[in-house]
1. Which residues in region 188-222 have a backbone N closer than 15 Å to a point placed 7 Å from the Cα of residue 428 along the Cα-to-Cβ line?
2. If amide hydrogens are placed 1.01 Å from N in the peptide plane, which non-local residues have theirs closer than 5 Å to the one on residue 226?
3. Hey, for a label at residue 275 modelled as a point 7 Å past Cα toward Cβ, could you say which residues of region 190-233 have their backbone N under 11 Å away?
4. Please report, in debye to the nearest 20, how large the charge dipole of region 80-135 is about its Cα centre when each Lys and Arg carries +1 at its beta carbon and each Asp and Glu carries -1 there.
5. How much length would be gained if the chain were fully extended between residue 216 and residue 321, taking 0.36 nm per residue of separation minus their Cα-Cα distance, in nm to one decimal?
6. Report, in whole Å, the centroid distance computed from the Cα atoms of region 340-354 and region 382-432.
7. With the cut-off at 1.5 for a/c, could you classify region 255-361 from its C-alpha gyration tensor as rounded, prolate or oblate?
8. What is the Cα centroid distance between region 322-337 and region 165-196, reported in whole angstrom?
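The values are calculated or read from the model by the stated rules, or taken from the named source; none is laboratory data. A quick note: this is a predicted structure, and the numbers were derived from the prediction, not measured. Positions of Cβ are backbone-derived with ideal geometry, glycine not excepted, and every protein chain shown enters the neighbour counts. Ligands, DNA and RNA are excluded from the accessible area calculation, which covers all protein heavy atoms including side chains. Shrake-Rupley method; radii C 1.70, N 1.55, O 1.52, S 1.80 Å.
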Amino acid sequence: MKGGVAELFDSFRKVVLPIATLLLLLKISYSSFDSTTDSLLQNLESSQNGSIPLDQPEQVSPGITSASPSTNYSAKTGIRQQTCNIFVGKWIPYPKGPYYTNETNCVIDDRQNCMKFGRPDSDFIHWRWKPNDCELPLFDATQFLQIVRGKTLAFVGDSLARNQMQSLVCLLSNASIPVDVSETTDTKFRRWLYKDYNFTIMALWSPQLIKSYDSDPTGDPYYSLMNLYLDKADDVWASQVDKADIIIISGGQWFFRPFLYYENDQLMGCHKCNQKNVTEHTHYYGYRMAFRTAFKTLLNLKKLKGRLVMLRPFSPAHFENGDWNNGGNCNRTRPFKNEEMKLDGYELKMYMTQLEEFKAAEKEGRKRASVKFKLLDTTEAMVMRPDGHPNHYGHWPNEKKLPDCVHWCMPGPVDTWNELFLATLKMEGDEL
């Protein structure tokens with residue numbers, strides 16, 4: 001009996017005990033590695049590659065297509081890091097004030113200068129975007145200027161592109177005041193130079209992105225018939241954009257009016273033209289073709305190496321109680337919660353149309369290995385901000401003008417676009 005017990009103990013000592021010890025050591029090593037990695041990721045947030053740490057599985061809201069977590073590598077730090085989707089999240093209260101005011105030394109279009117024209121509430125400037133899986137760093141003007149040193153940034157699109165550009169100039173005023181080097185007095189094509197950083201910002205106003213002109217110049221500016229050349233980029237931006245290292249392209253609100261569609265200079269269809277023997281298309285067709293042509297133009301530019309093209313997708317309007325010209329307004333004073341508002345209807349279709357063309361261009365860009373496409377996906381965040389528009393405060397309230405529920409107050413939620421822009425540039429790290 002004693003011999004049997006001794007043999008059993010000897011087997012336990014030789015077999016089971018070493019296995020148990022190995023398992024214990026593995027658990028200790030894994031725990032140490034896990035905590036060290038978490039700490040390292042937190043410390044890397046302000047490093048050269050500026051990656052945003054990913055701590056939990058990504059949550060994607062219904063109706064929104066978003067990029068999955070990606071891996072970032074910096075040759076300077078020699079570290080590979082997973083990053084979170086900064087475009088999926090919620091708005092949280094932020095008691096501190098905005099980065100700037102209407103008295104800051106920067107140009108704010110009167111139509112978005114809500115403070116100047118007496119907007120009575122200020123809650124709309126006390127919210128911040130909080131990604132689900134990480135923190136969005138505050139905008140650091142000096143850091144931004146260091147990243148873009150020696151480069152040119154172009155905003156291509158309509159007045160919402162200009163809205164973002166003016167927000168960026170105001171945000172940068174905390175670190176540097178630019179010189180106006182515009183080649184024209186038309187503010188739609190303004191250029192700013194930051195001399196200390198040899199950094200230039202230029203606005204290239206092109207609401208349809210492709211060649212267009214009014215077939216009835218004396219008609220209603222919103223409803224008259226316009227010719228749209230689906231296969232020809234608007235030379236206003238196409239002839240200038242080759243100077244830019246970073247291009248943010250956008251568009252959306254100018255595609256709802258009546259159009260005659262041309263390809264190869266031949267009439268091939270229309271939208272709301274009410275003409276016999278002309279094929280009727282939805283506005284999504286012209287919208288898709290405009291971005292297809294714009295992306296093709298950017299892919300075909302010379303000296304593409306190192307160029308970054310960013311799509312800032314559809315910016316939702318928030319008219320309630322009627323349309324923009326029929327009693328509509330945007331009187332809300334706080335954001336929607338995630339469960340209260342989702343992108344749907346025509347806005348979702350506009351968004352998805354852009355994304356389909358963007359993905360095709362991104363794929364082609366990877367083949368050529370000379371231009372990078374990135375999505376500056378502000379759409380989900382902005383669909384929840386009905387409180388962020390000028391409404392009646394883009395002018396004095398007693399003036400008989402239409403409310404603006406399309407553009408964004410400055411300061412206001414539009415500044416988040418540039419927080420996301422900076423975070424995206426930081427994720428590019430050494431590749432920018």
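1. Only 199-202 fall inside the zone, counting backbone N under 15 Å.
2. Excluding prolines and chain starts, which carry no amide H, the hits are 215, 259, 260.
3. Only 215-216, 225-228 pass the distance filter.
4. On the way: 8 positive and 7 negative charges, 37 e Å.
Here the size comes out at about 180 debye.
5. Details: separation 105, 0.36 × 105 = 37.80 nm, distance 3.16 nm.
So the chain would gain 34.6 nm between residue 216 and residue 321.
6. Cα centres, region 340-354 to region 382-432: 18 Å.
7. Numbers: a/c = 2.70, a/b = 1.22, b/c = 2.23.
It is oblate, given that a/c is not under 1.5 and a/b is not larger than b/c.
8. 31 Å
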